[in-house]
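I have placed the structure first, in the form of structure tokens, so that the comments after it can refer back to it.
The values are calculated or read from the model by the stated rules, or taken from the named source; none is laboratory data. Only a predicted model underlies this, so the values are computations on that prediction, with no experimental measurement involved. Please note: Cβ atoms are built from the backbone with ideal geometry, for glycine as well, and neighbour counts cover all protein chains shown. These area figures cover heavy atoms from the full protein model, side chains too; ligands, DNA and RNA do not enter into them. Shrake-Rupley method; radii C 1.70, N 1.55, O 1.52, S 1.80 Å.
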Amino acid sequence: MYITADYRDTPYAQLAQELEMVDQAISLARMAGDAVLAAFFSGEKRAARENAREHHEAELKAYLKAGGRN
């Protein structure tokens, strides 16, 4: 799985497969980042943001406990 400057010679199917692998590899980081941002922007008051953070944290832990599957 390497991105090269000469991607024009790589078949589209291979590029699509490599993109899917990379998307899977970064999905946990993306999910955690989304949860942090969602909690931060969920309310004007600290208590509302903290409740949202706890909710998103619980969802992320459940996801991880299930082996990273929805």
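Some observations on this one:
- Shape call, the chain: gyration tensor on alpha carbons, a/c limit 1.5: prolate
- For the chain, the solvent-accessible area of protein heavy atoms averages 87 Å² per residue (probe radius 1.4 Å; ligands and nucleic acids excluded).
- Taking label points 7 Å from Cα along the Cα-to-Cβ direction, Ala16 and Arg49 give a separation of 4.2 nm.
- Accessible surface of the chain [probe 1.4 Å, protein heavy atoms]: carbon and sulfur percent: 59 percent
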